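K.L.:
One structure coming up, written as structure tokens, with questions to follow.
The values are calculated or read from the model by the stated rules, or taken from the named source; none is laboratory data. Treat the numbers as computed from the prediction; the structure is a model and nothing was measured. Virtual Cβ from ideal backbone geometry, glycine too; neighbours counted across all protein chains shown.
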Amino acid sequence: MNCEELEEMSAFFSRRCKIYDTVHPATIDGGPESKQVPAQWLPENTGRLLDLGIGTGLELEAVFRRFPDVRVTGLDICGDMLNILREKYPGRRLELHQASYLDYDFGSGLYDAALSVMSLHHYTPPVKTALYRRIRQALKSGGVYVECDYMLSEHEYPDPLEQEKLLFAQYRRIQEEQRLDPGLEYHFDTPCAVPHQKEMLLEAGFRSVEEVWRRKNTVVLVAWAPAGLDA
């Protein structure tokens, strides 16, 4: 099998950070609109927001428009992307960490909402489910998690679940052929099917999940954490 050498995740984005804000929205389903929609689903009381894979903060323009005083904790493995973000939003209440959200301690019951935009489509279902569980624990009672991402839908594939299996099998072959370091993250798209995404979020302890927006394979899911005694 011939395949270009996969790039380590942080290096991939560092090499493209200066053109990212122009190229990325132009090449995904939903385009720039996909960066505006997630903010619409944040709860009215959003005072603290956790943003996973925050990058250059394309989604924050709409967030700050709704919540000018929101405190944002943002994580990204690419320091160059975070530097661009800081320059774009001077004076905002940003707490940024160059770190992988896969093992970063989010704390417990701290955030009104959490957000991830075009970041999680590189990980296996077990890794995602564990991450979702930690996100749910980081939310306050009744908090909301909004995910806008590349997902496989029946509108594009006859059998999205089968396509998901094929992509993960392809990635495993590439890992073996290129002898990739299992301890590093590499840039390769392995989106999951929408029904599987919902299952993972429910398994992680969210009380309900709803698909609220879609443009081909760009989908927005909203997941609600348990409230009160159910939390």
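K.L.:
Might you let me know whether region 162-169 holds any residue that is of a type in the set (Asp, Glu), touching a residue at least 24 places away in the same chain (Cβ under 8 Å) and not in a helix (DSSP H, G or I)?
P.N.:
no
K.L.:
Next up: Where in region 1-107 are there helices (runs of 4 or more DSSP H), lying wholly inside it, with at least 2 residues that are closer than 26 Å to LEU139 by Cα and in contact with a Ser or Thr (Cβ under 7 Å, 6 or more places away or on another chain)?
P.N.:
Correct list: 79-88.
K.L.:
Still on this structure, please answer the following. Checking LEU161 against (1) of a type in the set (A, V, I, L, M, F, W, C); (2) surrounded by fewer than 18 Cβ atoms within 10 Å (Cβ to Cβ); (3) closer than 17 Å to TRP41 by Cβ, which test does it fail?
P.N.:
For LEU161, the failing item is (3).
K.L.:
OK, next. In the list THR129, THR73, which residue meets the criterion of being over 20 Å from ARG214 (Cα atoms) and either touching a Gly at 6+ places or on another chain (Cβ under 6 Å) or crowded, with 21+ Cβ neighbours inside 10 Å (or both)?
P.N.:
Result of the check over THR129, THR73: THR73.
K.L.:
Which of the residues belonging to region 127-161 are assigned to a helix (DSSP H, G or I), out of contact with any helix residue (DSSP H, G or I) (no Cβ under 6 Å at 6 or more places or on another chain) and closer than 18 Å to ASP189 by Cβ?
P.N.:
Listed by number, the residues that qualify are VAL127, LEU131, PRO160, LEU161.
K.L.:
Pairs please, first residue from region 128-148 and under 22 Å from VAL194 (Cβ atoms), second anywhere and of a type in the set (Ser, Thr, Tyr) and outside any strand (DSSP E or B), Cβ atoms under 8 Å, 6+ apart in sequence or on different chains.
P.N.:
Sorted first by the residue in region 128-148, then by its partner, the pairs are LEU131/TYR101; LEU131/TYR123; TYR145/TYR132; CYS148/SER34.
K.L.:
Pull up region 173-206, narrow it to residues that are of a type in the set (D, E, K, R) and either over 14 Å from LYS128 (Cβ atoms) or not in a helix (DSSP H, G or I) (or both), then point me to the one that is modelled with the lowest pLDDT.
P.N.:
Of everything passing the filter in region 173-206, GLU185 is modelled with the lowest pLDDT.
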